[in-house]
């Protein structure tokens, strides 16, 4: 699936039109915390890493990121492409 397609399809599930940016930013922080918690429990508490739960939580993070981009009228594909360009500049030896 293309990033921009995901962004548009995910947007159909965004409800409300007030404080959208704030809601999405807070949701992103919350869902990122869920990912962190799963990793923490795996790393420091000897729990199994539940790949299904990790995938779900990372999907929630992706949803919030896409909706912040949608709100700001930034194509999700642009974000991904610019990030790769930044990584290529930071780590030129890894471009091969």
FRET efficiency for residue 74 and residue 36, using Cβ-Cβ distance with R0 set to 25 Å, rounded to 0.05: 0.50
Can you tell me which of 30-38, 62-70, 78-86 comes out highest on packing, and rank the rest after it, using the mean Cβ neighbours within 10 Å? 62-70, 30-38, 78-86
Using only DSSP helix segments of four residues or longer, with each worth -39500 (n - 2.57), what per-residue ellipticity at 222 nm results for the chain after dividing by its residue count and rounding to 500? -25000 deg cm²/dmol
How many nm separate the modelled label positions at residue 91 and residue 48, each set 7 Å beyond the Cα in the direction of the Cβ? 3.0
What is the ratio of the Cα radius of gyration of the chain to 2.2 N^0.38 Å, where N is its residue count, to two decimals? 1.27
Region 14-96 - percent relative contact order, Cα under 8 Å, separation 6 or more: 31
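Since every read-out is calculated from the coordinates, none of them should be taken as a lab result. Everything quoted here is computed from the prediction, not taken from an experiment. No Cβ is skipped: glycine too gets one built from the backbone with ideal geometry, and neighbour counts run over all protein chains shown.
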